[in-house]
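Heads up: the structure comes next, in structure tokens.
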Amino acid sequence: EEEEEEEEESALGAEEALTKAEALVAASAAAAAAGLCAVCMEQPHKYCCPGCGCRTCSLPCSKQHKANTGCTGQRDRLGYVPLQGFDDKQLLSDYRLLEEVRRVDDVARRCRPIAPKPQLPPHLAGLVYQAGRRRVRLLLMPPGMHRRITNTTRYDLKARKISWRVEWAFPSAGIHYTDNSVSEECILTEVLARHVLSAPGTAAKAFPLRGYAEAGLSQLKVFLRKERTPANAPAYYAIDTSRSLGSQLAGKTLVEFPVMIVALPEEEKDFPLAFVNRSKPGSGAERAQQQQQQQQQQQEEGAVLAPHANGGKLPQPETNQQPDATAGQHTAQAQGDSQQQQQQQQGDVKPPQAMMQKKEGE
């Protein structure tokens, strides 16, 4: 009953306020028609409110009008204006409104605080940095994603090695196996053998992979899918399982961790190969190996080109011969003969035979 009484009182109060407002509006309209102030209704009006058009005679009446009606006293710049009442004044007002909106937007853009750059935790930032030093572009997914939660790849600061989480996918068997921690120096063949070859107590695990075991580790093909390729045109990297994990990941892009796809020999055609960019130099050991290979190749090319430079004759092996006693005499005689030939050509010395004939004639 009390609630009903309160509702009735509020309804009566609203009706009374509406009645008073209607009466005030009617009185204001009558005063405006008579040229009087709409508030005091005694003095002739002098001012017109831009917001509602109420006409007042003085500042106190204008303030009283705003207090009674809640009017802001500002013109509604977005109000509808009929075409007949649209003049140059309205056009200039709309133009200024657009200029103000543009200025406010520009100020908001300039004053907008710079968005903070998302920072990784120290261990993840260090992992990304160390992977980059090994020419591996490691991409991390946002927190909460499945691959982000299950990734167990870590960088060992003391050993200065990365232990990768490696997933092995066997498409023919429809099975995935995971190694939570594989050192970057491990040979992939040894890691793969743990899953393919049967061992005591692993018969249940090795039975679905009997087809891979029968094919042999040397005949299996391992691929790594290239990231950021279209779903309808995937590309894969061929992985050499006889080498270490770190050497096979160099120059590639990974999302959280590598997923190795193990295929049978007859399935190799289902994995189109991707181009591997080898423009960046590798580690110091790899560069030294490349330089050594280049030197060996240059030596082989020099050995092949040597017969052509020697008139088509093969180089003769050098023998350790003792110096002959007459070697110096032959050398001196050869030098003397050469000097005599030069003098004969110049005309300074006559031939020995002509000198002997001249002596016999004398």
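The values are calculated or read from the model by the stated rules, or taken from the named source; none is laboratory data. This is a predicted model, so every value here is computed, not measured. With ideal geometry, Cβ positions are generated from the backbone for all residues, glycine too; neighbour counts draw on all protein chains shown. Accessible surface areas use protein heavy atoms only, side chains included; no ligands, DNA or RNA. Shrake-Rupley method; radii C 1.70, N 1.55, O 1.52, S 1.80 Å.
Thr178 falls short on exactly one of the conditions (1) touching a residue at least 40 places away in the same chain (Cβ under 8 Å); (2) surrounded by fewer than 17 Cβ atoms within 10 Å (Cβ to Cβ), and that condition is (1). If the condition is being at pLDDT 90 or above and farther than 17 Å from Phe271 by Cβ, then region 165-175 contributes Arg165, Val166. Anything in region 166-189 that is of a type outside the set (Val, Ile, Thr) and in a helix (DSSP H, G or I)? List them, or say none. Of everything in region 166-189, just one residue is of a type outside the set (Val, Ile, Thr) and in a helix (DSSP H, G or I), namely Leu188.
Considering region 251-266 alone, what residues qualify as being of a type outside the set (Val, Ile, Thr) and either open to solvent by 20 Å² or more (accessible area, probe 1.4 Å) or assigned to a strand (DSSP E or B) (or both)?
Initial filter on region 251-266 (of a type outside the set (Val, Ile, Thr)): 251-252, 254, 256-258, 260, 263-266.
Passing the criteria: Gly251, Lys252, Leu254, Met260, Ala263, Leu264, Pro265, Glu266.
Assessment of region 140-150 against the conditions (open to solvent by 50 Å² or more (accessible area, probe 1.4 Å) and in contact with a Ser or Thr (Cβ under 9 Å, 6 or more places away or on another chain)) yields no matching residue. When region 222-246 is limited to residues that are of a type in the set (Lys, Arg) and assigned to a loop (DSSP other than H, G, I, E, B), the one that is nearest to Arg134 (Cα to Cα) turns out to be Arg243.
Restricting the first member to region 62-75 and to residues that are at positive phi, and the second to residues that are not aromatic (Phe, Trp, Tyr), the beta-carbon pairs closer than 8 Å and six or more apart or on different chains are Gly73/Cys49; Gly73/Pro50; Gly73/Gly51; Gly73/Ser62; Gly73/Lys66. Residues in region 106-131 that are more than 30 Å from Thr150 (Cα to Cα) and of a type in the set (A, V, I, L, M): Val107, Ala108, Ile114. Checked against (1) assigned by the TED database to the domain that holds Ala159; (2) open to solvent by less than 50 Å² (accessible area, probe 1.4 Å), Ala131 meets all criteria but (1).
Please verify whether region 102-109 includes one or more residues that are among the basic types (Lys, Arg) and under 21 Å from the mean Cα position of the chain (by Cα). The answer is no; no qualifying residue exists. The single residue among Pro234, Pro230, Pro208 that is closer than 15 Å to Val259 by Cβ and open to solvent by 20 Å² or more (accessible area, probe 1.4 Å) turns out to be Pro234. Based on this model, can you work out whether Glu214 counts as of a type in the set (D, E, K, R) and either over 19 Å from Glu266 (Cβ atoms) or assigned to a strand (DSSP E or B) (or both)? No: the conditions fail for Glu214.
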